[in-house]
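Peer 1: Got a structure for you, questions after.
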Amino acid sequence: MLRSLTSASPTDILTLEPSLAALTAPNDLIIVGTGGHGHEIAWVASEATIEWRLIGFLDDQVSNHGQVIMGARVLGALTDWTHYSNAAFIIAIGSPRIRRDVVRRMQTLGRPRFATIIHRSVIHSPQVHFDEGSMIMPGSVLSTDIRVGRHTIINQSSTVGHDATVEDFCTLAPSVTLSGNVTLCEGAEIGTGSSVKQGVRIGRGAMIGMGSVVTKDVGDHELALGVPARFTRTLEPF
Ligand SMILES: CC(C)(COP(=O)(O)OP(=O)(O)OC[C@H]1O[C@@H](n2cnc3c(N)ncnc32)[C@H](O)[C@@H]1OP(=O)(O)O)[C@@H](O)C(=O)NCCC(=O)NCCS
């Protein structure tokens with residue numbers, strides 16, 4: 001469940017702002033990113049396995065500052081996180097590259113604490129390890145002996161099979177199926193509705209187009225797509 005400042009009037013929120021830094025508590029949540037994924041994370045946090053209190057958003061777009069989104073105010077730019085350093089942060093940005101860059105920028109100013117947000121409907125065994133900053137969206141199923149790395153998104157209705165490894169900064173779009181023993185290297189991105197055969201390794205910063213069936217390993221920084229998935233082009237290094 002999520003408690004937010006929704007019930008407060010805009011004036012109340014403004015009044016609270018200067019003292020938020022001192023008041024922030026371990027379950028206070030700040031979402032970095034105000035786009036569609038940021039809205040989704042606000043919703044998922046409200047129905048998560050841990051009770052979060054959404055206290056606001058951060059976004060570098062100055063025109064968004066002060067706006068109220070999903071019942072919480074846009075508090076400032078990314079670098080303003082230090083004013084709320086007792087809170088937990090979640091980077092709600094779909095692109096692995098941008099998400100990784102945002103984390104790096106925040107870490108130049110200190111050691112932010114990142115939330116791990118798991119929707120209540122997610123099914124997983126106790127043998128799944130979720131690292132900080134990961135977001136596990138509604139209806140996902142993860143079986144046994146799985147590692148989900150830092151700042152990884154497992155999007156809605158995706159499934160992850162036994163002994164799979166999903167390294168840091170990966171993004172699984174909705175309805176992805178990873179079979180057993182699959183490895184997604186750091187920053188790999190899997191398009192909506194794609195399936196990956198057991199034992200396949202998808203390289204660092206690689207991308208799989210939506211609707212693909214991946215039957216063989218995909219190299220670092222490669223874009224592959226289709227049924228079966230074929231190499232299409234080389235991407236920027238991750
Ligand atoms: C694969 C992908 C990255 C290619 O993007 P792109 O380089 O911008 O390519 P374009 O959209 O310009 O398409 C180029 C061609 O590839 C085709 N194509 C694009 N994606 C394809 C896919 N997944 N499977 C088959 N063909 C595809 C297009 O129809 C187009 O064909 P054409 O030249 O005959 O018209 C992108 O289409 C994709 O699948 N992204 C993942 C989307 C997703 O899962 N989003 C989740 C959001 S939560």
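Read-outs throughout are calculated quantities, based only on the coordinates presented, and are distinct from any laboratory measurement. Everything quoted here is computed from the prediction, not taken from an experiment. Cβ atoms come from the backbone with ideal geometry, glycine included; neighbour counts cover every protein chain shown.
Peer 1: Between Ile136, Ile98, Ile118, whose Cα lies farthest towards the positive end of the dipole of segment 90-154 when Lys and Arg beta carbons carry +1 and Asp and Glu beta carbons carry -1, centred on the Cα centre?
Peer 2: The residue sitting most towards the positive pole is Ile98.
Peer 1: Return a whole-number percent for the relative contact order of the chain, with Cα pairs under 8 Å and 6 or more residues apart as the contact set. Kindly include the intermediate steps, with their values, before the conclusion.
Peer 2: On the way: 685 pairs, mean separation 25.9, N = 238.
Answer for the chain is 11 percent.
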